[in-house]
Amino acid sequence: MLLTLIVLLPFLGSACAAFLPSNARNAEAWLSGAVALACVVLIAIQYPLIVEGEVVRAALPWMPQIGLELNLRMDGYAWLFALLVSFMGTLVVLYARYYMSPADPVPRFFSFLMAFMGAMLGVVLSGNLIQLVMFWELTSLTSFMLIGYWYHRSDARHGARMALTVTVGGGFCLLIGVLILGHIAGSYDLDQVLAAADAIRTHPWYSAMMLLIVLGTLTKSAQFPFHFWLPHAMAAPTPVSAYLHSATMVKAGVFLMARLWPVLSGTDLWFWTVGGAGLCTLLLGGFAAIFQRDMKGVLAYSTISHLGLITLLLGMNSRMALVAAVFHMVNHATFKASLFMATGIVDHETGTRDLQRLGGLSRIMPITTIVATVAAAAMAGVPLLNGFLSKEMFFAETMFAGHGPALRIGLPAAATIAGMFSVAYSLRFIDQVFFGPPARDLPRTPHEPIRGMLLPSALLVIACLLVGILPASTVGPFLETSMHSILGANLPEYSLAVWHGFTMPLVMSVLAMTGGLTIYLLLPAKRRSATGPAPVISHVDARRAFDVFIVSIIRASAWLTRLITSRRLQTQLTWVVCAAFAVAAVPLSKEILLRNDLQLLPADPVFALLWLAGGACAIGAALQAKYHRLAALIMVGATGLATCLTFAWFSAPDLALTQIAVEVVTLVLILLGLRWLPRRLLLDEPRDTLRAKLRRSRDAVIAVAAGAGLGLVSFAMLTRPPVGGLSSFFLENALPQGGGHNVVNVILVDFRGFDTLGEITVVGVVALTVYALLRRFRPAPESIAVPHAQLNQSEMTIDPDAELPSGHMKVPAVILRLLLPMAVMVSLYFLLRGHDAPGGGFVGGLVMATAILMQYIVGGAIWVESRLKIHPRYWLTLGLLAATSAGLGAWLATRPFLTALTSDLHLPFVGDLHLSTVLLFDLGVYLLVVGGTTLILIALAHQSFRTTRKVRLRVEAAEVRTQQPVGAVS
């Protein structure tokens, strides 16, 4: 349960922080800091088990029948990264408390930050690959919110969209690759996947699977050619950059590559794909960082370069390179987060991050200078700092990674050149900000920040020093535990010592430092002050290329949409029906549809007459739809009534009740929206053209074919022999397992409760969408005006809010208002009896909605809405909360999601009372149906009110012009 708590705590903190007042910056920081620190403690106390080689697991069942559960797994590698994520989160929260302005919406910031932490911990601790991908995509979504936090800035919005597009696209590739990987391994459980390494590498689908997974990881970790999104993500607040782009988000890609390294590595394809991307990123990022003008720009490209270094190590197919890669992940997180925080301090105190404007801050901000200088030295690989140790390991591995003289010489040379770039941009970063002549035109007067703002960066610098001086006794045990969980008995021997003698890696380090100093000193003054772009690569504008790509996709989509769709609803429905008919016809055959051993019963004349009437109404609706929509709607209702009687005929009272309630509600709602349909041809217009006749004939053929096909499928389903005993299973288990005699309702709220939860969620979304659209919908005057020559007296409508003449409709109004309490009682009766008799939350909600509809018809919108104490939007919310709470209650009882929990109570004067969470679920359905229907009704009624008044005004104007009555429009 501790692992579950570690993942859930940040999400709970996120929800709490979102509701705190905007002026309670201390409360939000304390809450977020307490959550992050609690995660650190919960992770740290797991170390005694982890160091013994145990794998801590936690499983929260959801749908155990299909193996769906929240599966968490912590080994040494996951422990190290979880500790890194939570500890860095604690420091970033402390730093953000002083960095963020009181004018910013701070609750939103800490809410997004905590949600991102929870998503990242979910990635690190997931024991199931599908679950890992879900958390992976959640990190993309929350990082989008954080990068675009200052959404009033165009660069923040653009950077957030770019990051989301690239990482989500890579995440989609990752999902496909993971699905293939799980299919090859026979399971998506991480332990079983890691155990099937040999079978995976020899499988014919290995190449495609590996490339898809690598594509997902490269996009996440900003590797070439997907590196361009990371510099634009620097529009985020500096605490976000310090967290996302040093220890968390960009580390997710390399984390997953290291996690799956035993399964995917060891092939030439892995070496050239991963290693090639890493090498290009290492050199490109380091070279570009030298010429950046913004301090965060330097750190962004240096992050790209260091991630390329880690990726190159992971691609070398060497166990020792894997150790160096994980070691450098930790080192990079410490010094890069410290540098980001120092950059934020400079920006916060001076008002700028422009390297050309800054200078001489060491005299004014000496402590910040020391902190930033030590962190930059660690980034450059200066001895006695942690970056030096992992970079020496990197140099050593490049000497033995390749086969052939080209790689044996080229890789070490490239690594040394990348080291020179690292020294050059680190030296330039420190020299131009803190040394040289003091700046004179700064927006703010610089001074040392408050101690709380400086403390997180200082702690990370102390960690860089401790690891650099005493690596074996500080990070050594953690690194060994981490690598043992990945490599097991194949863990290579390595030494985390500061001095290994005069070796070739030491020579490469010396060359890198002297070469980097030379590069910086030889830069022209214009280049050194970063007023010009980087040579060569400046001609490739990644942002413009991305924008062109997005615009091309949008234009191609628009062209395809114009090609296969139409603005006419009839054409769209034709495509939908034809596609559905074609898809349904593919798996069917003559043997499935027709059987020779059937003995048909004689036709019942009463039932045949019922369906003759229903069929006649259906044909009449099709014929009348062109001329008289109201008559067509009535005939459609009669067809629905025939269907309802059919359900009752075949002893299906639940379906009959639902059908009749749905018919009533939809009939009234469609009546309200009938006036908005496009203008149709009237009886006195010219005869139809040949094209119109052909179109109607085509529609008739499609309708008959689709209806006949659906009838054949229904016939085949009803007459096929029992397969699998599904019906008997529900009949036998409805009462003992579901606790109800009404099998249909037990299926909906228990056996298939998750489907029902999804369906009512869709109903709520549709209701909100209709409400939002109709609030802004204004019918054009020409679409509602009826010329005198085309006025059809039979289609005049009644304004529901018009004042009624004396003696008209008063009696029905009074009767229906008196019947409202009775209708409420009937709806509650259906709700409460639904588990054991025909009824349920859906039928009860429709009955209640029908009662409200009747009040609208006779009383008007204003009368009804003035008596609605709770807006229907809140009914939707309460319904979803009630239905979801029924499922979460099962989780708290360690039962699968939406499992019915029952309890028998004996109450005085009442007797025995049987309670079940099914009632809570049914109540959620009831509230959501009533709320959704009423919300749509409000939108339709208000639009009808406005439309009717427009019609009345135009008709009155026509009467004035023609001096003759046009018609009785009320």
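The values are calculated or read from the model by the stated rules, or taken from the named source; none is laboratory data. Just so we're clear, the structure is a prediction, and the values are computed from it rather than from any experiment. Cβ: placed from backbone, ideal geometry, glycine included. Neighbour counts: every protein chain shown.
Within the range 194-216, the set of residues being surrounded by fewer than 21 Cβ atoms within 10 Å (Cβ to Cβ) and under 19 Å from GLY127 (Cα atoms) comprises LEU194, ALA195, ALA196, ALA197.
For the range 748-766, the tally of residues that are at pLDDT below 85 and either charged (D, E, K, R) or in contact with a His (Cβ under 6 Å, 6 or more places away or on another chain) (or both) stands at 2. Kindly indicate the residue of the range 137-192 that is more than 20 Å from ALA233 (Cβ to Cβ) and of a type in the set (Val, Ile, Thr) and also surrounded by the fewest Cβ atoms within 10 Å (Cβ to Cβ) among those meeting that condition. Of everything passing the filter in the range 137-192, ILE176 is surrounded by the fewest Cβ atoms within 10 Å (Cβ to Cβ). Taking the range 428-528 as the region of interest, the helices (runs of 4 or more DSSP H) fully inside it that hold 2 or more residues being charged (D, E, K, R) and touching a residue at least 12 places away in the same chain (Cβ under 8 Å) are 525-528. Restricting LEU633, LEU645 to residues that are closer than 22 Å to VAL704 by Cβ and in a helix (DSSP H, G or I) narrows the list to LEU633. Being part of a helix (DSSP H, G or I), within 20 Å of HIS245 (Cα to Cα), in contact with a Pro (Cβ under 8 Å, 6 or more places away or on another chain) and in the same structural domain as SER390 (by TED's automatic domain parsing): is that true of GLY297 here? Judged against the criteria, GLY297 is a match. As an exercise: evaluate ARG679 against (1) surrounded by fewer than 14 Cβ atoms within 10 Å (Cβ to Cβ); (2) under 40 Å from the mean Cα position of the chain (by Cα); (3) at pLDDT below 80 and give the number of the one condition it does not meet. ARG679 satisfies every listed condition except (2).
Residue-by-condition table, conditions (1) touching a residue at least 12 places away in the same chain (Cβ under 8 Å); (2) of a type in the set (A, V, I, L, M, F, W, C):
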site: ALA156; (1), (2): yes, yes
site: ALA160; (1), (2): yes, yes
site: ILE176; (1), (2): yes, yes
site: TYR188; (1), (2): yes, no
site: ASP191; (1), (2): yes, no
site: ASP198; (1), (2): no, no
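For the range 900-926, which residues satisfy the criterion of being touching a residue at least 40 places away in the same chain (Cβ under 8 Å) and either within 18 Å of THR761 (Cβ to Cβ) or in contact with a helix residue (DSSP H, G or I) (Cβ under 6 Å, 6 or more places away or on another chain) (or both)? Matches in the range 900-926: ALA900, VAL918, PHE921, ASP922, LEU923, GLY924, VAL925, TYR926. Taking the listed residues ALA424, ALA378, the one that is touching a Cys at 6+ places or on another chain (Cβ under 6 Å) and either outside any helix (DSSP H, G or I) or crowded, with 22+ Cβ neighbours inside 10 Å (or both) is ALA378, with no other qualifying. Applying the condition of being under 43 Å from the mean Cα position of the chain (by Cα) and of a type in the set (D, E, K, R) to the range 621-658 and asking which residue is nearest to HIS741 (Cα to Cα) yields ASP654. On the given criteria, is GLU397 within 18 Å of MET329 (Cβ to Cβ), among the acidic types (Asp, Glu), assigned to a helix (DSSP H, G or I) and touching a Gly at 6+ places or on another chain (Cβ under 9 Å)? Considered against the rule, which asks whether it is within 18 Å of MET329 (Cβ to Cβ), among the acidic types (Asp, Glu), assigned to a helix (DSSP H, G or I) and touching a Gly at 6+ places or on another chain (Cβ under 9 Å), GLU397 comes out as no. When we screen ILE45, ILE50 for residues that are in contact (Cβ under 8 Å) with a residue 60 or more places away in the chain and over 21 Å from PRO456 (Cβ atoms), the only hit is ILE50.
Determine the pairs where a residue that is basic (Lys, Arg), located within the range 275-297, has a partner that is surrounded by fewer than 23 Cβ atoms within 10 Å (Cβ to Cβ) and not in a loop (DSSP other than H, G, I, E, B) with Cβ atoms under 8 Å apart, the partner being 6 or more residues away or on another chain. Listed pairs, sorted by first residue: ARG293/ASP354. Determine whether LEU479 is within 14 Å of ALA342 (Cβ to Cβ) and at pLDDT 90 or above. Here the answer is no, as LEU479 does not meet what is asked.
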